[in-house]
Structure formats: structure tokens, C-alpha cells
Ligand SMILES: Nc1ncnc2c1ncn2[C@@H]1O[C@H](COP(=O)(O)OP(=O)(O)OP(=O)(O)O)[C@@H](O)[C@H]1O
Ligand SMILES: [Mg+2]
């Protein structure tokens with residue numbers, strides 16, 4: 001049975017999809033079978049994984065019986081993904097649960113990449129997840145919405161919610177231009193599972209950069225968070 005992890009943030013553009021791809025690749029490198037289900041109708045996981053041109057079917061097609069699940073799964077660098085339909089028409093929590101029951105035995109991990117906000121895409125993702133990751137950048141606006149998203153997750157019985165602080169810039173931390181790690185943890189009221197530094201290669205990932213590659217500043221961060229997801233105790237590095 002797969003561990004099902006919803007990745008959400010409240011506020012948009014904080015790095016949910018990038019972090020999802022980085023973690024999926026880090027877990028795949030450890031030999032795990034990993035599926036990402038893009039729950040955002042604006043779809044970005046296919047581009048971050050470099051399979052955008054291949055997409056024919058999405059998971060909505062599976063739910064609406066237009067194809068089998070295998071037809072809507074695409075693979076890149078050992079990670080599988082399903083893209084989101086352009087609208088949630090015909091989709092319900094019951095049908096989403098059916099989709100996950102079809103996929104459950106095939107993977108070790110299923111990540112559900114939520115859209116921004118706490119509306120339908122988020123609700124669908126939470127209803128089929130047992131764990132949650134809330135992503136926040138170290139600024140007060142993101143932190144407040146991350147706290148709200150974590151609260152909402154718990155309402156849907158996502159009991160094990162952890163925090164990833166993304167895009168941390170050490171130089172700004174030293175100059176006190178951003179919230180420090182302890183303050184972000186206190187204000188989100190979520191237990192930290194890792195910190196991902198600002199990494200230009202992630203920023204340029206769809207233009208020849210890479211989200212997960214040895215030598216990049218974020219590579220070790222993704223590996224460490226993947227280890228913690230697997231239950232290992234790894235010292236905080238950033
Ligand atoms: N650690 C990082 N360092 C540098 N750039 C990053 C980092 N994480 C994410 N980004 C960049 O931030 C932008 C937004 O990232 P992403 O699309 O993953 O956010 P999101 O939270 O999924 O957005 P949305 O709410 O629209 O789904 C992208 O251009 C991405 O490359
Ligand atoms: Mg996204």
C-alpha cells in the first residue's frame with residue numbers, strides 16, 4: 001500500500017510542485033516507486049519532469065473511463081506522473097478515492113500536488129492522503145497561509161503534517177531580511193521536516209536547469225528530506 005502525501009501551501013508560487021518533483025526523484029533514487037498526481041488544473045508537473053509534449057491522457061480520463069490508468073501514467077527519470085484534467089467536471093471525492101484504490105498497490109509513494117488555496121483541488125488531494133507536507137517560504141504572508149493550509153489538512157484526517165521551508169537564502173537570514181527557521185516553525189505550528197535553499201537551477205529547471213541533480217545546492221536537502229520521510233533521523237542541513 002502506498003504512502004499518500006498531499007503537498008500544499010495555501011499561497012501560490014511557493015514551490016509546491018518543484019519540491020514535490022525534487023522529493024519524488026530523491027525517493028526514486030533510493031529505489032522507491034513513486035507516482036506524482038498533479039491536482040492543479042493549471043498543470044506544471046509534466047513540464048518540471050520534461051514530459052509535457054508526451055501527454056495524451058490525464059487522470060480525469062481514467063475517472064471518466066476514457067482510458068485505463070496505465071495510459072495516463074508517464075515516466076521520467078524513474079518517477080511516474082499523472083497530469084490533471086483542465087477542469088474538475090465529473091470529478092468527485094468518491095471517484096478520486098476509486099482512482100487511488102486502483103493505483104495504491106503499484107507504488108511505494110503517491111504525492112498529490114495541490115493547487116494554491118484550499119478549494120476543490122486541495123480538498124480532493126486531502127481526501128485521499130494520509131500524510132501532508134505544507135510548503136512555505138520564510139516570509140510572513142506565506143507563513144500565515146501555510147498555517148491555515150495545515151489546519152485545513154487536519155480537518156480531512158491528514159494526521160501527519162510536516163513543514164518544508166523553501167527558498168531559504170542564507171545571506172538574507174544573516175541580514176535578518178527574512179523570518180528565521182524557528183519563527184516559521186512557531187508561526188505555522190507545524191513540525192519541520194526540512195529546509196530547501198534558494199537554488200537558481202530549480203528556478204531555471206524548465207529552461208535547461210534541473211530540479212534534482214548531484215552538485216546542486218538543493219540536492220542534499222532533497223536527499224535529507226527523503227530520508228526523513230523514510231523514517232531516518234538526519235541532522236538539519238541547509
Ligand atoms: N528552492 C528554490 N529555489 C529557486 N527557485 C525555486 C525554488 N523552489 C521553487 N522555485 C521556483 O519558484 C517558482 C514557483 O515554483 P512552483 O511552480 O514549484 O510553485 P507552486 O507552489 O507549485 O506554484 P503554484 O501555486 O502555482 O502551483 C518556479 O519558477 C520555480 O522554479
Ligand atoms: Mg504547483
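Where a number appears in this text, it was derived from the coordinates with a stated rule and is not lab data. These numbers were taken from a predicted model, which means no experiment stands behind them. Backbone-built Cβ (ideal geometry, glycine too); neighbour counts: all protein chains shown.
So how do 46, 151 line up by other beta-carbon neighbours within 10 Å, fewest first?
Arranged by neighbour count, lowest to highest, 46, 151 become 151, 46.
Between 220, 162, 66, where does the largest GNM mean-square fluctuation fall for the chain, given springs only between Cα atoms within less than 10 Å?
Top of the fluctuation ranking is 66.
Mind checking the full-extension length gain between residue 183 and residue 130? Use 0.36 nm per residue of separation minus the Cα-Cα distance, one decimal, nm.
16.4 nm
Among DSSP beta bridges whose residues both lie in the chain, state the antiparallel percentage, nearest 5.
10
Under a GNM of the chain (C-alpha, springs under 10 Å), which listed residue has the highest mean-square fluctuation: 116, 150, 26?
116
Only counting other Cβ atoms within 10 Å, I'd like 201, 25, 11, 97 sorted with the fewest neighbours first.
97, 201, 11, 25
What FRET efficiency do you get for residue 139 and residue 68 if R0 is 35 Å and r is their Cβ-Cβ distance, rounded to the nearest 0.05?
The formula returns an efficiency of 0.20 here.
When 206, 159, 188 are ordered from fewest to most other Cβ atoms inside 10 Å of their Cβ, what list results?
Arranged by neighbour count, lowest to highest, 206, 159, 188 become 159, 206, 188.
If you build the convex hull over the alpha carbons only and average its shadow over all orientations, what do you get for segment 3-224? Give it in nm² to one decimal.
11.3
Using a Gaussian network model on the chain with a 10 Å cutoff between Cα atoms, which of 49, 163, 100 fluctuates the most?
Per the Cα network of the chain with a 10 Å cutoff, 100 tops the list.
Classify segment 1-62 from the C-alpha gyration tensor, please: rounded if a/c falls under 1.5, else prolate or oblate depending on whether a/b exceeds b/c.
Rounded, because the longest to shortest axis ratio a/c is under 1.5.
Taking only Cα atoms of segment 94-238, what ratio of Rg to Rh do you get with Rh as the Kirkwood inverse-distance radius?
On the Cα set of segment 94-238, Rg over Rh gives 0.98.
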